[in-house]
Amino acid sequence: MDVNHDEAPVLDALARYHELDELGFTPPGHKQARGADPRARAVLGDAVFFGDVLANGGLDDRLARGGVLERAEDLMADAVHAEHTFFSTCGSSLSVKAAMLVVTCPGNRLLVGRDAHKSVIAGLILSGVEPVWVEPQWDAERHIAHPPSPAAYAQAFTEHPDADGALVTSPTPYGATADLAAIADVCHRHGKPLVVDEAWGAHLPFHGDLPTWAMDAGADICVTSIHKMGSGLEQGSVFHLQGDLIDPAELASRADLLGTTSPNVLLYAGIDAWRRQMVQRGHILMGRALELARRTRTAIEAIDGLHVNDAADFCGPHLAADFDPLPVVIDISELGTTGYRAADWLRAHHHLDPHLADHRRISAQLTHADDEDTTRRLLSALRDLTDHADSLRDAPQVAVPAPGELRMEQAQLPRDAYFSRHETVLLAEARGRIAAEMITPYPPGIPAVLPGERLTEPVLRYLTSGVAAGMFLPDAADPRLKTIRVTADG
């Protein structure tokens, strides 16, 4: 393919569609905004509807002879040094499932970091794959998990040599990264592929001062959310492939099995535009973002009661291998309140939404889109937060378990427990029972309870105290956690 990164094939095709005055007697039914509710048009703008065309038989012809999507995917692969790239309009939640299902199959084993996102657990439930859990590296002082070590994956392969491959999450939502090159080496010594859930790392290929991204570290498949740290629209995701351990046609087939047959061209356009933007200006934009993050971190650190976690906190022996400074993670424990209460206060009083909130931290995610104005508003809000700390100090406390208490016995496969006959019991009766549901504090979306795990008092106490403090559990059958679903026979 002739590589011309001035092109944006999806955007160019949309422009041609309108220049030629194409008339579609096809979905979508709003027909270029003509049928949309005027009230929706007033809020969303007509551009949303004008960009919402059928992929084949609209953006491209019915046989996709223009190769619009194929060319856009090839350009993305070239931009990030992958051999193959696939676009997804169902978010990285779909992409990571497709990656898992091409590496392994029902009844087989896959090494999985236990700090995986709930979408990975959903993949295990749907597939019937048996997880071999690889423990994260737990910082007991700061109560935070970092990605598992290469030694942990090596030990898991020694104990389970029949595992079909491995999956690791890096970066974490807090910006901590794994030693991907060493983990990839462990996998390849066993002839097995490595899948990296790099949903938070779309920006990593575009500046040398950021952590090494998965393809450059030797991973076989990498899943990336373009909407998280990039300029794509929500649900825009890509997954990249390299090497000869995975057949690209098989990966495409798995994605087709799970994906929608009605992809949103707006999401394709956002992905396509992001690639062109980053190839042409990415180094400059990321350099500015990194410098802005440096200044912002320094300014937050100067505010009494706040501490910005940095490489000295997150990296080192038995911790993370590297660190992305753009997720500005702020420890507020000296204020005597929780991240949940601080986040609610910031939204109520400053109309400012932190990204993450937990029992002792909030996170302000910076990207290339931020500037002096947005960070000035952030700093002003944080200073006001500390000035009002006295009014926030009666927040309920979260009973965070010790590292050894966080892990529960996987008594059944996630799939078996999830689809088993279940019953709902009061929380006081749940200890010792086998969970039949997933319970996930969100964000960041890492499950505390998986189907098939035998429930213990420390984890139940953590969740109930978390709910009382403001923790959000969107997937629990009872979000207030007065009751819990357990298997009927365990």
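The values are calculated or read from the model by the stated rules, or taken from the named source; none is laboratory data. A quick note: this is a predicted structure, and the numbers were derived from the prediction, not measured. Every residue, glycine among them, receives a Cβ derived from its backbone with ideal geometry; neighbour counts consider all protein chains shown. The area values use the complete protein model at the heavy-atom level, side chains included, leaving out ligands, DNA and RNA. Shrake-Rupley method; radii C 1.70, N 1.55, O 1.52, S 1.80 Å.
Residues checked against (1) at pLDDT below 95; (2) in a loop (DSSP other than H, G, I, E, B); (3) within 21 Å of the chain's Cα centre (by Cα):
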position: ALA289; (1), (2), (3): no, no, yes
position: ARG294; (1), (2), (3): no, no, no
position: ALA299; (1), (2), (3): no, no, no
position: GLY305; (1), (2), (3): no, yes, no
position: ASP313; (1), (2), (3): no, no, no
position: VAL328; (1), (2), (3): no, no, yes
Pull up the stretch 138-149, narrow it to residues that are at pLDDT below 95 and outside any loop (DSSP other than H, G, I, E, B), then point me to the one that is farthest from ARG361 (Cα to Cα).
TRP138
Among the listed residues ASP60, ASP78, which satisfies the condition of being surrounded by 20 or more Cβ atoms within 10 Å (Cβ to Cβ), over 19 Å from the mean Cα position of the chain (by Cα), within 17 Å of PRO9 (Cβ to Cβ) and not hydrophobic (A, V, I, L, M, F, W, C)?
ASP60
Of the residues that sit in the stretch 1-33 and are among the small types (Gly, Ala, Ser) and without any contact (Cβ under 8 Å) to a residue 24 or more places away in the chain, which one is most open to solvent (accessible area, probe 1.4 Å)?
GLY29
Here are some conditions: (1) free of Cβ contacts under 8 Å to residues at least 40 places away in the same chain; (2) open to solvent by 50 Å² or more (accessible area, probe 1.4 Å); (3) of a type in the set (A, V, I, L, M). LEU258 meets all but one. Which one does it not meet?
(1)
What about GLY91, is it farther than 30 Å from ASN309 by Cα and either of a type outside the set (Asp, Glu) or touching a residue at least 40 places away in the same chain (Cβ under 8 Å) (or both)?
no
Report, ordered by the first and then the second residue, all pairs with beta carbons closer than 9 Å, sequence separation of six or more or different chains, a first member in the stretch 34-49 that is part of a helix (DSSP H, G or I), and a second member that is of a type in the set (S, T, N, Q).
ASP46/GLN32; PHE49/GLN32
Per the filter on the stretch 286-326, residues open to solvent by less than 10 Å² (accessible area, probe 1.4 Å) and either without any contact (Cβ under 8 Å) to a residue 40 or more places away in the chain or out of contact with any helix residue (DSSP H, G or I) (no Cβ under 7 Å at 6 or more places or on another chain) (or both) are ALA289, ALA293, VAL308, ASN309, PHE314, ASP324
Report yes if some residue within the stretch 369-389 is open to solvent by less than 50 Å² (accessible area, probe 1.4 Å), closer than 30 Å to GLU457 by Cα and touching a Gly at 6+ places or on another chain (Cβ under 7 Å); otherwise report no.
no
Residues satisfying the stated conditions in the stretch 106-120, i.e. assigned to a loop (DSSP other than H, G, I, E, B), of a type in the set (Gly, Ala, Ser) and open to solvent by less than 30 Å² (accessible area, probe 1.4 Å)
ALA116
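Conditions (1) among the hydrophobic types (A, V, I, L, M, F, W, C); (2) farther than 25 Å from VAL308 by Cα; (3) open to solvent by 10 Å² or more (accessible area, probe 1.4 Å); (4) part of a strand (DSSP E or B), marked per residue:
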site: ALA122; (1), (2), (3), (4): yes, yes, yes, no
site: PRO131; (1), (2), (3), (4): no, yes, yes, yes
site: ALA151; (1), (2), (3), (4): yes, yes, yes, no
site: PRO161; (1), (2), (3), (4): no, yes, yes, no
site: PRO171; (1), (2), (3), (4): no, no, no, no
site: GLY191; (1), (2), (3), (4): no, yes, yes, no
site: VAL195; (1), (2), (3), (4): yes, yes, no, yes
Evaluate the stretch 246-255: report whether one residue or more is farther than 25 Å from LEU59 by Cα and either surrounded by 22 or more Cβ atoms within 10 Å (Cβ to Cβ) or of a type in the set (S, T, N, Q) (or both).
no
Using the structure shown, decide if LEU346 is part of a helix (DSSP H, G or I) and touching a Pro at 6+ places or on another chain (Cβ under 7 Å).
yes
For the stretch 227-245, the count of residues that are surrounded by 24 or more Cβ atoms within 10 Å (Cβ to Cβ) and either small (Gly, Ala, Ser) or not in a helix (DSSP H, G or I) (or both) equals 8
Could you tell me which numbered condition ALA488 fails, if it satisfies all but one of (1) of a type in the set (A, V, I, L, M, F, W, C); (2) open to solvent by less than 10 Å² (accessible area, probe 1.4 Å); (3) farther than 30 Å from SER170 by Cβ?
(2)
Out of all the residues in the stretch 335-343, is one or more closer than 26 Å to LEU204 by Cα, at pLDDT 95 or above and either of a type outside the set (Ser, Thr, Tyr) or over 20 Å from the mean Cα position of the chain (by Cα) (or both)?
no
Go through (1) of a type in the set (Val, Ile, Thr); (2) touching a residue at least 60 places away in the same chain (Cβ under 8 Å); (3) in contact with a His (Cβ under 7 Å, 6 or more places away or on another chain) for VAL195 and report which single condition fails.
(3)
If LEU101 meets every condition in (1) within 26 Å of HIS227 (Cβ to Cβ); (2) over 20 Å from the mean Cα position of the chain (by Cα); (3) surrounded by fewer than 24 Cβ atoms within 10 Å (Cβ to Cβ) apart from one, which number is that one?
(2)
Looking at (1) within 26 Å of LEU101 (Cα to Cα); (2) open to solvent by 30 Å² or more (accessible area, probe 1.4 Å); (3) out of contact with any Phe, Trp or Tyr (no Cβ under 7 Å at 6 or more places or on another chain); (4) in a helix (DSSP H, G or I), which is the one condition that is false for LEU267?
(2)
